[in-house]
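Everything on this sheet refers to the single structure shown next.
The values are calculated or read from the model by the stated rules, or taken from the named source; none is laboratory data. Treat the numbers as computed from the prediction; the structure is a model and nothing was measured. Note that we place each Cβ from the backbone using ideal geometry, even for glycine, and neighbour counts take in every protein chain shown.
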């Protein structure tokens, strides 16, 4: 059992240069206190960490953060896919967008809320087609435009199924479509 009663120096976070990390995970297990080698938050020894997490590795905190970022990207990053106009506008109106720009004829913005790490949903429009991808919030607008144009070149026709329309312009419930000026 670990002795949790002894006092420890309170240090700034920059003093914690090592941590325990399980390769492939998206988070660090815990920082290691430089005075006693126990974990910062749970005061666990190396033996206790390895008993619970056999794949854990003691490593430099900066290296663990890079590895966790790579794991986040592998888990959450998504290529371009086509979406509906409604989904695009919902995303644009739900939170203030980040980096709303137009580059090479492609309008794009990023969600201000991150999915994980620096990854966020990115939305784009080219003409009457709408798209999304999940990538780094700092992805430059010209790179977004390049990816959208590559998707469009590979899929010249929309990949979104057109909604089925009721016969004779009637509304979805079989009622007259009043928006088209048809009276009952």
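Summary of computed values
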quantity	calculated
Residue check, residue 77 out of contact with any helix residue (DSSP H, G or I) (no Cβ under 9 Å at 6 or more places or on another chain) and farther than 29 Å from residue 25 by Cα	no
Test: residue in the stretch 74-82 that is more than 16 Å from the chain's Cα centre (by Cα) and more than 25 Å from residue 23 (Cα to Cα)	yes
Contacts under 6 angstrom Cβ, first residue in the stretch 6-21 being surrounded by 11 or more Cβ atoms within 10 Å (Cβ to Cβ), partner at pLDDT 90 or above and part of a helix (DSSP H, G or I), 6 or more apart	17/61; 19/61; 19/64; 20/49; 21/64
1 or more residues modelled with pLDDT of 95 or more and not assigned by TED's automatic domain parsing to the domain that holds residue 135: qualifying helices (runs of 4 or more DSSP H) within the stretch 7-121	46-52, 61-76
Residue in the stretch 140-155 that is at pLDDT below 95, not in a strand (DSSP E or B) and not assigned by TED's automatic domain parsing to the domain that holds residue 65 present	no
